[in-house]
Amino acid sequence: MSKIAPLSGFPELLPAQRAVEREVIASVSRTFELHGFTNIETRVVEPIDRLAKGGEVDKEIYVLQRIAAEPDAKAELGLHFDLTVPFARYVLEHAGHLEFPFRRFQVQPAWRGERPQEGRYRQFTQADVDIVGRDELPFHHDVEVMAVMVDALGRLPIPRVSFQFNNRKLIQGFYRGLGIDDVTDAIRVIDKLDKLPADEVARLLVDRVGTTPEQAQRCLELATIRVEDTSFVDRVRALGVSDELLDQGLEELAAVVEGCRAVAGDRVGVEANLRIARGLDYYTGTVVEIFMEGYERLKSVGGGGRYDALASDGRTTYPGVGVSFGVSRTLVPLISDGVLSGSRPVPSVVLVALNTEDDRAASTGVAAALRARDVACEVAPSPAKFGKQIRFAERRGVPYVWFVQGDGTHQVKDIRTGEQVEADPGSWTPPEADLRPTIISTATPSSTTNDPEENQ
C-alpha cells in the first residue's frame, strides 16, 4: 500500500487540538446567543450562477459533480466559498418564516481552491454574525453587531486582537468633496496601501483615477489617520473637505468606535483606521478588519461591515450588517506555534478500573452513575494490573481512576497528584476545571483557562 500523504490546504487536527477548536466555537456561540442571535446552518452547495459573479473568486470555486456524469455535462452546483452568499439565499428563500430584523450566527466550513499557505486553506471554518432587516435597518445595529464580535473575541484566550474600523460613507464623501469623479476606483487604489508605497499609490491615483497631485495627497493624508478614540473627527475636519455624506460617515464611525470601546477589555483594541476600505463593493457604511498581535503576517483574521443590499427579490430589499471571524485562519497557526493546546485529548474525566472481567457489570454501573450527573467517563478495556490501567489513563489524558473495592466501597485517585480518597459514585464530582477539556494558552496572563469564569 502506498504511503498516505496529507492534502495541502485541508488541515486536520489531532484530538487535543480539536478540543481547542471546539472550545473556541462553543465560546463564541455562547456569546452570540447571550446577545440574542439564533444559530442557522445552510447547505454546503449553491447553484454556480449564484456563486459566480465574474470576479477573481470564481476561479476558486469547487464544483460538485458525479464521477458518472457525462463527459460534457456542465456542473450546476458548487461548494460555498464563504457564508455570506448562502446566507443571502437563505434570507430570500425563508423570508416568509423569519422575523425581521433577523439576528443569526453561523459557524460552518467553507471551501476555496486557492494556493494554500499559512492562514489560507482550501477548507476552513468561519464564524459569522449578522443582523438583516426588511427594506430598512437602523444604524444602531451596526454598533450592536460590531460590539458583539468584540465581546466574543475578547473572551477567547488568543493573542490580543485589534478591530480597525472605517466607514465607506466617510471615504466616499471625502473623495466626492474633493471633486474626484471615480470614487469607487479611488477606493480600490487606496486599498493597495498595504502592498505598495505611498508615492506609488499617489501615482496610480493620478494616472488611473485622474486625480490631481493635490487631490492624491489629500487622499493619502486621510488614509494615514489612525487613532484609538474619536479624535479622528477633528483631524478629518482639519483637512478642509466638506460633504454631507462625509458628515454622516464621521458620525457613524464615531458611534461604532465609542460603542465597541465600551465593551472591549484588555484583549481587544479598537481603532479608527481611515485606510481600511474592504475590497468588496457591496459595503455601504461601516467596515472593519480584525488583526491579531504577533500574527500580522496573516493579514486580517476577520472582517465585515454594512451592506444595504444583501439580497433582493425585486420587490423587497434586505439590508444587513455583519462580521466574520476566521476560526481556522486564527487557530491553526496558533496551535502549530504551540500558543494554544488542549488540556487533554479525550472528554473522559474518569477511567473506571476493572478488577476482573466478571466485575465489568459493577464497573459499568459506576460509570452509569457518574454519567447520570454529567461526569464523562469510560471503563477500562481489560482487567490488567492496576499499574497498567493507570498508565493507560495517563496516556489517554484521563485525570482520575476509579477503583471498586472488594468490600463494595469505592476510591478515586487523582493520578496527577497521587491523592486517593474514598468516594460515592452517586455524589462524587471532580473540580469544575476538570469536567471537560480546556484550552491551555501562552497568550494570556494565566497559562490556562481552567477557571470556568475564564472560559465564559
Residues that are at pLDDT 95 or above, open to solvent by less than 30 Å² (accessible area, probe 1.4 Å) and over 16 Å from Ala19 (Cα atoms): does the range 334-343 have at least one? no
If the Cβ limit is 6 Å and pairs must be 6+ apart or interchain, which residue in the range 267-279 that is over 20 Å from Lys192 (Cα atoms) pairs with which residue that is open to solvent by 50 Å² or more (accessible area, probe 1.4 Å) and at pLDDT 95 or above? Arg267/Arg160; Val270/Arg261
Of all residues in the range 1-48, count the ones that are open to solvent by 70 Å² or more (accessible area, probe 1.4 Å) and within 30 Å of His94 (Cα to Cα). 7
Determine if the range 142-157 includes at least one residue that is farther than 30 Å from Pro11 by Cα and open to solvent by less than 10 Å² (accessible area, probe 1.4 Å). yes
So if I check each of Asp185, Asp194, Asp181, which one is surrounded by fewer than 24 Cβ atoms within 10 Å (Cβ to Cβ), under 29 Å from the mean Cα position of the chain (by Cα), at pLDDT below 95 and farther than 12 Å from Val268 by Cα? Asp194
Restricting attention to the range 391-401, and to residues there that are over 34 Å from the mean Cα position of the chain (by Cα) and open to solvent by 30 Å² or more (accessible area, probe 1.4 Å), which single residue is farthest from Leu351 (Cα to Cα)? Arg391
Within the range 367-384, can you find the residues that are open to solvent by less than 70 Å² (accessible area, probe 1.4 Å) and over 14 Å from Val398 (Cβ atoms)? Ala368, Ala369, Ser382, Pro383, Ala384
Which ones in the range 295-316 are open to solvent by 50 Å² or more (accessible area, probe 1.4 Å), under 27 Å from Gln117 (Cα atoms) and either in contact (Cβ under 8 Å) with a residue 40 or more places away in the chain or within 14 Å of the chain's Cα centre (by Cα) (or both)? Arg297, Lys299
What tally of residues in the range 240-264 results from selecting those that are closer than 15 Å to Asp229 by Cα and either open to solvent by less than 50 Å² (accessible area, probe 1.4 Å) or among the β-branched types (Val, Ile, Thr) (or both)? 11
Can you name the residue in the range 68-120 that is of a type in the set (Phe, Trp, Tyr) and in contact with a strand residue (DSSP E or B) (Cβ under 6 Å, 6 or more places away or on another chain) and is also most open to solvent (accessible area, probe 1.4 Å) among such residues? Trp111
List every residue pair whose Cβ atoms lie under 6 Å apart, where the two residues are 6 or more positions apart in sequence or sit on different chains, the first residue falls within the range 16-43 and is at negative phi, and the second residue, located anywhere, is among the β-branched types (Val, Ile, Thr) and open to solvent by less than 40 Å² (accessible area, probe 1.4 Å). Gln17/Ile335; Val20/Ile439; Glu23/Ile439; Ile25/Val107; Phe32/Val129; His35/Val148; Phe37/Val129
When you check Val129 against the structure, is it farther than 15 Å from Leu222 by Cα, among the β-branched types (Val, Ile, Thr) and surrounded by 19 or more Cβ atoms within 10 Å (Cβ to Cβ), yes or no? yes
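The values are calculated or read from the model by the stated rules, or taken from the named source; none is laboratory data. Quick caveat, the model's predicted, so the values are computed rather than measured. Neighbour counts run over all protein chains shown; Cβ positions are idealised from the backbone, glycine included. The area values use the complete protein model at the heavy-atom level, side chains included, leaving out ligands, DNA and RNA. Shrake-Rupley method; radii C 1.70, N 1.55, O 1.52, S 1.80 Å.
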